[in-house]
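In what follows, a single structure is set out as structure tokens and then discussed.
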Amino acid sequence: MIAAPDRTPLTREFFDRPVLEVAPDLLGRVLVRATPDGPIELRLTEVEAYDGPDDPGSHAYRGRTARNGVMFGPPGHVYVYFTYGMWFCMNLVCGPAGRPSGVLLRGGEVIEGAELARKRRLSARNDKELAKGPARLATALGVDRSLDGADACAPEGGPLTLLRGTPVGSDQVRNGPRTGVAGDGGVHPWRFWAANDPTVSPYRAHTPRRRST
């Protein structure tokens, strides 16, 4: 008999650790998105760690801005950014307040509320593609900049909550280079995923964007 996922909410202490500890430990956890139409629940299968001042790939590498302020803490909050002029991506802030680090949520399996996610992800060919990639994940959950700074550890609950779920065993955690990260930040093997899971997105090296002439 397979035990049901643990529905105990993750505490702020879970996130108040080094990002390279938190990131792989998020695999198998359940993200709950509360919406007016009902909840959507996602089992996390792929994440990437970003380590602030020590990481050229991090939005916070060069310091605090209006865009990245949430990354500076406290831990357990949600950092949402807009990219390529069309997509949102979401991160979970980690580590002590004042040191900006976070985990980008790259992929997961929708285990509850798939009918709601499908309405937002009309181009998905099947349910495994609903949240396969960070922009798809945010779209499926209805995440945008209005949720930047949301407290995922609020005792009274909120629009986003993390549950203990069923953590992926250490023998099933894989890691490698982060997807699409350029320069010195591209060498860090800080992308973590659940082995052989069909909701994990394919790795893509950074490709410079062409500039219009």
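Would you confirm whether any residue within the range 118-129 is crowded, with 17+ Cβ neighbours inside 10 Å, within 28 Å of G73 (Cα to Cα) and not aliphatic (A, V, I, L, M)?
no
Select from the range 170-210 the residues that are assigned to a loop (DSSP other than H, G, I, E, B), modelled with pLDDT under 95 and of a type in the set (A, V, I, L, M) and write down the one among them that is least open to solvent (accessible area, probe 1.4 Å).
V181
Inside the range 1-114, counting only strands (runs of 3 or more DSSP E) that do not spill past its ends, which hold 2 or more residues that are open to solvent by less than 20 Å² (accessible area, probe 1.4 Å) and of a type outside the set (D, E)?
So the answer is 30-33, 40-50, 78-83, 87-93, 102-112.
Limited to the range 51-72, what total is found for residues that are in contact with a strand residue (DSSP E or B) (Cβ under 7 Å, 6 or more places away or on another chain) and of a type in the set (V, I, T)?
1
Sort out which residues of the range 16-31 are farther than 26 Å from Y203 by Cα and either acidic (D, E) or within 15 Å of the chain's Cα centre (by Cα) (or both), and write them in order of number.
Across the range 16-31, the qualifying residue is only D16.
State the number of residues belonging to the range 47-94 that are among the basic types (K, R), free of Cβ contacts under 8 Å to residues at least 24 places away in the same chain and farther than 19 Å from G186 by Cα.
The qualifying residues number 1.
Name the residues in the range 130-169 that are surrounded by fewer than 21 Cβ atoms within 10 Å (Cβ to Cβ), hydrophobic (A, V, I, L, M, F, W, C) and assigned to a loop (DSSP other than H, G, I, E, B), would you?
A150, A154
Read through the list (1) over 17 Å from V22 (Cα atoms); (2) touching a helix residue (DSSP H, G or I) at 6+ places or on another chain (Cβ under 6 Å), then give the number of the only condition that C153 fails.
For C153, the exception is condition (1).
The values are calculated or read from the model by the stated rules, or taken from the named source; none is laboratory data. Since the model is a prediction, treat every value here as computed from it, not as a measurement. We place every Cβ from the backbone using ideal geometry, glycine too, and count neighbours over all the protein chains shown. For accessibility, only protein heavy atoms count, side chains too; no ligands or nucleic acids. Shrake-Rupley method; radii C 1.70, N 1.55, O 1.52, S 1.80 Å.
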